[in-house]
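Okay, so here's the structure we're looking at.
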Amino acid sequence: MKLGVNIDHIATLRETRRESIPDPLSAAREVLAGGADGLVCHLREDRRHIQDKDVFRLRELPTRLDLEMAATPEMLKFALKVKPDMVTIVPEKRRELTTEGGLDVVKHSKKLRPLIKRLQGAGIIVSLFINPEAGQVEESAVLTADFIELHTGKYALASSPKELEKVGIATQQARLIGLRSNAGHGLDYSNVKKIAHIPGIEELNIGFSIIARSVFVGLKQAVKEMREAIK
């Protein structure tokens with residue numbers, strides 16, 4: 001099981017004062033020293049945390065970079081310029097505190113198809129951030145995505161067996177139709193273990209809980225503790 005660490009909230013803290021600290025690049029180095037397998041960042045339309053220059057700097061590090069972005073012409077142009085290892089296409093609303101749910105790939109398939117083709121043509125792996133629903137998984141395969149990332153927010157909020165089962169079923173469905181699966185959103189040290197035990201999930205992408213824990217123990221240690229929780 002791989003661990004991708006989202007460092008958006010390091011930039012969130014920086015942007016509250018429009019300072020140069022804390023530096024996401026320095027944070028990224030600590031995250032990698034703690035055992036993360038890759039970095040994740042979300043370049044939002046309103047640039048509330050991660051900035052364009054951050055992504056370019058992160059891309060220079062010797063690790064895998066997953067750029068989360070909305071399916072817009074601006075973001076496509078940026079991704080083709082920076083060429084991350086992976087792009088995860090996510091829904092985005094200006095007023096949301098965090099991503100509230102998965103991307104409706106059935107509804108937006110017409111818009112997504114050419115965007116996915118452009119990214120893959122540039123050698124970028126494409127993942128679609130979706131809810132664990134059969135129709136969404138099936139349409140992701142139709143769109144020829146390389147990966148899906150299953151939104152685990154409902155499970156994380158309730159830790160209910162029903163929501164956990166949905167993630168498991170969606171993962172198995174994806175495997176049967178040739179899609180690779182990651183998962184993330186709302187996962188923390190107490191609820192991650194059951195998700196980590198689902199066969200077929202390759203990577204968990206976790207941010208906020210690790211950054212919050214790092215306030216007390218430091219980033220390197222916080223990542224180490226998450227790796228232990230996943231094991």
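Bear in mind these aren't lab numbers, they're just calculated from the coordinates by the rules spelled out. Computed from a predicted model, the values in this text were never measured in an experiment. Glycine gets a Cβ as well: all are built from the backbone with ideal geometry, and neighbour counts include every protein chain shown.
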Next on the checklist: Out of Leu204, Leu187, I need the residue that is out of contact with any Gly (no Cβ under 8 Å at 6 or more places or on another chain) and in contact (Cβ under 8 Å) with a residue 12 or more places away in the chain. Which one?
Outcome noted: Leu187
Next on the checklist: Out of the residues in segment 157-186 meeting the condition of being in contact with a Pro (Cβ under 8 Å, 6 or more places away or on another chain) and hydrophobic (A, V, I, L, M, F, W, C), tell me which one is surrounded by the fewest Cβ atoms within 10 Å (Cβ to Cβ).
Outcome noted: Ile169
Item to check | All positions within segment 200-231 that are among the aliphatic types (A, V, I, L, M) and either part of a strand (DSSP E or B) or under 19 Å from the mean Cα position of the chain (by Cα) (or both) | outcome: Ile201, Leu204, Ile206, Ile210, Ile211, Ala212, Leu219, Ala222, Val223, Met226, Ala229, Ile230
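Condition check ((1) under 15 Å from the mean Cα position of the chain (by Cα); (2) surrounded by fewer than 18 Cβ atoms within 10 Å (Cβ to Cβ); (3) on the phi > 0 side of the Ramachandran plot) across all residues:
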{"site": "Glu19", "(1), (2), (3)": "no, yes, no"}
{"site": "Ser26", "(1), (2), (3)": "no, yes, no"}
{"site": "Gly35", "(1), (2), (3)": "no, yes, yes"}
{"site": "Cys41", "(1), (2), (3)": "yes, no, no"}
{"site": "Arg59", "(1), (2), (3)": "no, yes, no"}
{"site": "Arg64", "(1), (2), (3)": "yes, yes, no"}
{"site": "Met86", "(1), (2), (3)": "yes, no, no"}
{"site": "Glu92", "(1), (2), (3)": "yes, no, no"}
{"site": "Pro114", "(1), (2), (3)": "no, yes, no"}
Checklist outcome for this item: Of the residues in segment 43-57, those that are within 17 Å of the chain's Cα centre (by Cα), in a helix (DSSP H, G or I) and not charged (D, E, K, R) number 1
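I'm trying to understand the selection: among the residues of segment 139-156, which are assigned to a loop (DSSP other than H, G, I, E, B) and either crowded, with 24+ Cβ neighbours inside 10 Å or within 16 Å of the chain's Cα centre (by Cα) (or both)?
Ala145, Asp146, Thr152
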